[in-house]
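Okay, so here's the structure we're looking at.
Bear in mind that the values in this text are calculations on the coordinates, not laboratory data. A quick note: this is a predicted structure, and the numbers were derived from the prediction, not measured. All Cβ positions, glycine included, derive from the backbone under ideal geometry; neighbour counts span all protein chains shown.
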Amino acid sequence: MTASKRQAESKPVVLVCRRLLPAGRERLEARCEIRDGGLEASPEDLLALAPGAAAIVADPTVPVEEELLDAAGERLRVVANYAVGYDNVDLDACRRRGVAVTNTPGVLTNATAELALALTLAAARRMSEAEAALRNGRWAGWDPGDLLGLELSGATFGVVGMGRIGRRYAELVTPLAGAILYTSRSPKRDVERDLGASRVTTEELLAGADVVSLHVPASPETVGLIGANELEAMRPHAILVNTARGPLVDAGALARALREDVIGGAGLDVYENEPEVPPELRNAPRCVLLPHIGSATTRARDAMAVLVADNVLAVLDGTEPPNRVV
């Protein structure tokens, strides 16, 4: 066996379940053997590629559960999620095996908060409907009663979850806001001081906000956070924005609320069973839909890829990864 072949065989194996951008991939390639699943990889494909992997690079579309962990075997040391969320990873299963789990927070804060702002503006001013009418030839000229939306200057913004992204969203809307309400497990005194925000209950926020923007992770406690009762509690003209996780919102209840004019509109970037989008949402009025592009800027996705690589290499080197979850 040649020295180069022995060296190649001694490299730790990293299973990239779907795709890792060059900014991170090149850092790993220098020291690791990469096995690529690719964007079309099936669960069966990943099970076939997993044996002997020291690291698994996943993303929110890839369930990392018992079967995949078992397929990787005893050499597995880290699951590096290419996202800030990690509800696709079975944390307890990883914990039992002594496998670290990492994520990529911080570097996508601006990108995601900016998209939440874009969805807020688009939903408030019914931009999707207006563009569709124009492109489809239905626009018959200026009509003083057509496509009336919500003016955001002086509006009350409700931020559900005042973490990194929630705070950045609050900062971005401050020049428009008449008031900012927020919910959080604990008071955020700096946000209250710097932005004039007021901590309230979820019920108070829903009743008082013109815009409700969701910024909490998916967990058993937050699944179905916004359902029929919560939508009924909102103002008739209010806008709901979700750039966090799809399971937070009952899609069927939201579609009904839009059809029945219970709320004014919605802007969504995430869905419960991606890439599936419920037909009732696709057909709902006053609903702006985007294909999970919250972090889709060159700066954010490259920085996320670098963090993935740094997390993997740190664990393989026996040091503390920058962003450990487990």
Förster radius 22 Å - calculated FRET efficiency between THR298 and THR61, Cβ distance, rounded to 0.05: 0.60
Overall form of segment 187-266 per C-alpha gyration tensor (a/c, 1.5; a/b vs b/c): oblate
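Taking other Cβ within 10 Å of each residue's Cβ, how do VAL89, VAL191 sort, fewest first? Please list the in-between numbers first.
Values: VAL89 28, VAL191 21.
Ordered by Cβ neighbours within 10 Å, fewest first: VAL191, VAL89.
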Per-selection metrics, segment 109-289 (Cα): Rg and Dmax in Å: 15.8, 52
Distribution of pairwise C-alpha distances over segment 273-326, 10 Å bins, in %: 19, 29, 24, 19, 8, 1
Globularity index of the chain, i.e. its alpha-carbon radius of gyration over 2.2 N^0.38 Å: 1.11
Estimated distance in nm for a label pair at ARG185 and ARG135, the labels positioned 7 Å out from Cα along Cα-to-Cβ: 4.1 nm
Between segment 83-132 and segment 28-55, the Cα center-to-center distance that results, in Å: 24 Å
